[in-house]
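In what follows, a single structure is set out as structure tokens and then discussed.
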Amino acid sequence: MESKKRNKRKKINKTKWAVISLTTLLLLCGFGYLFRKELSVFAFNAVLKKEVKTTLNKSYKPVGYEVKSPKIELSEPFSLLLLGIDQREGEPSRSDTIIYSVIRPKDDKILLISIPRDSYTDIIGRGVTSKINSAYAHGGAKMSIDTVENLLKNKVNYYAAINFNGLKDIVDAIGGVKLPITEVIENKNPIHEKLRVEPNKPIYYGADALSYVRYREDSDFKRTERQRIFISSLMDKALEMKNISKIPELIDIAGSNFTTNMDSEFILNLAETVYLKNSAPKFENYMLQGNGKIRGTTWYYDLDPEDLEYAQKLITSWLSSSSNEGNLLHPKNMD
């Protein structure tokens, strides 16, 4: 009888510990799921952060004023000038894509102001008026920053320049991006780079994505719209969980194709802040308006003065830390 009681107690204890173990396992799995992002960040900080910082430090290229400027807190809005550099053999590097962005980390919002590359404006540091994309060719990021600040009457806190040649490998590394292409995209003008993109693919890889942002035979408006769509699609894909392990590879691919005056600590803190959000940042877009005009034998884009003033006010509103959802100025419809 005593033996039976002992066996019964053993069975109860086994069952009890099985239930406790199973419950603990479920709780741990649930905890791991609920805090999967935090755990990924912890793993990144423990294993990969040092390696990524070393690589990012190689891309750090200040323009001269950083030591004078206080470090911007990630709770405060800041501006970032995005420059897509088209480096072709036998030609000077020009900023084929120029986007003034305002990041509002606290609100999880990003404003993208596209500046047509042929915009006719004062090139600060050269004493001439010309196409805005020539600033990078003559004075790199510093001249581009000074020229954009003069045009938009707002500060550029940081810049990030990426060579389009590095774009293909980045898109391929993250497994391609989704792009809303419903018709064939093709350059037919013989003086333009030959390209063709087929429509309705579920995923577009590097070569097609690059052609998508480079295509230029419809309008500057459509071209800059494609650039904004691409940036948003790229961020959505990069934020997917399965791509976190690819961060070192992506940073390594960027390598010499990427320069910025954001230090590595700032970039990593910003990335962590964005990643820990429940969704990707919300983008709002605007493009400077104007009309094409021939001067001599060269085609330029003349910006509309009233529209330019509106864009300046829009940026000022987004850069203000006192702005909130109730009083933040939103881009007007461009249709």
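The values are calculated or read from the model by the stated rules, or taken from the named source; none is laboratory data. Every value quoted in this text rests on a predicted model; they were computed, and no experiment measured them. Positions of Cβ are generated from backbone atoms using ideal geometry, with glycine treated the same way; all protein chains shown enter the neighbour counts. Protein only, heavy atoms only, side chains kept; ligands, DNA and RNA dropped before computing areas. Shrake-Rupley method; radii C 1.70, N 1.55, O 1.52, S 1.80 Å.
Some values worked out for this structure:
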{"quantity": "Single match in Lys237, Lys194, Lys201, Lys222 (criterion: among the basic types (Lys, Arg) and under 14 Å from the mean Cα position of the chain (by Cα))", "calculated": "Lys237"}
{"quantity": "The range 185-208: number of residues that are within 16 Å of Arg223 (Cβ to Cβ) and either among the hydrophobic types (A, V, I, L, M, F, W, C) or touching a Pro at 6+ places or on another chain (Cβ under 7 Å) (or both)", "calculated": "3"}
{"quantity": "Scan of the range 119-167 for residues that are hydroxyl-bearing (Ser, Thr, Tyr) and either open to solvent by 30 Å² or more (accessible area, probe 1.4 Å) or assigned to a loop (DSSP other than H, G, I, E, B) (or both), ordered by number", "calculated": "Tyr120, Thr129, Tyr136"}
{"quantity": "Neighbours by Cβ (under 6 Å, 6+ apart or cross-chain): first from the range 91-115, crowded, with 23+ Cβ neighbours inside 10 Å and in a loop (DSSP other than H, G, I, E, B); second among the β-branched types (Val, Ile, Thr) and modelled with pLDDT of 90 or more", "calculated": "Ile115/Ile98"}
{"quantity": "Lys282 being at pLDDT 95 or above and either surrounded by 15 or more Cβ atoms within 10 Å (Cβ to Cβ) or not hydroxyl-bearing (Ser, Thr, Tyr) (or both)", "calculated": "no"}
{"quantity": "Every pair of residues 6+ apart whose Cβ atoms lie under 7 Å, when the first sits in the range 280-306 and is in contact (Cβ under 8 Å) with a residue 60 or more places away in the chain and among the hydroxyl-bearing types (Ser, Thr, Tyr) while the second is surrounded by 11 or more Cβ atoms within 10 Å (Cβ to Cβ) and part of a strand (DSSP E or B)", "calculated": "Tyr286/Ile113; Tyr300/Tyr120; Tyr300/Lys131; Tyr300/Lys293; Tyr301/Ser119; Tyr301/Tyr120; Tyr301/Gly290; Tyr301/Gly292"}
{"quantity": "Odd one out for Asn261, checked against (1) open to solvent by 30 Å² or more (accessible area, probe 1.4 Å); (2) in contact with a Pro (Cβ under 7 Å, 6 or more places away or on another chain); (3) modelled with pLDDT of 80 or more", "calculated": "(1)"}
{"quantity": "Filter pass, Asp108 being at pLDDT below 95, over 30 Å from Ile203 (Cα atoms) and not hydrophobic (A, V, I, L, M, F, W, C)", "calculated": "no"}
{"quantity": "Qualifying residues in the range 219-241 (those that are acidic (Asp, Glu) and within 29 Å of Tyr300 (Cβ to Cβ)) - the one modelled with the highest pLDDT", "calculated": "Glu225"}
{"quantity": "Flag for Val148 being in contact (Cβ under 8 Å) with a residue 12 or more places away in the chain, within 21 Å of Asn285 (Cβ to Cβ) and out of contact with any Pro (no Cβ under 6 Å at 6 or more places or on another chain)", "calculated": "yes"}
{"quantity": "Cβ pairs under 9 Å, 6+ apart, first in the range 259-273 and without any contact (Cβ under 8 Å) to a residue 40 or more places away in the chain, second in a helix (DSSP H, G or I)", "calculated": "Ala271/Ile247"}
{"quantity": "Hits in the range 187-210 (condition: open to solvent by 20 Å² or more (accessible area, probe 1.4 Å) and part of a helix (DSSP H, G or I))", "calculated": "Ala207, Asp208"}
{"quantity": "Single residue of Val213, Val184 found to be β-branched (Val, Ile, Thr) and buried (at least 17 other Cβ atoms within 10 Å of the Cβ)", "calculated": "Val213"}
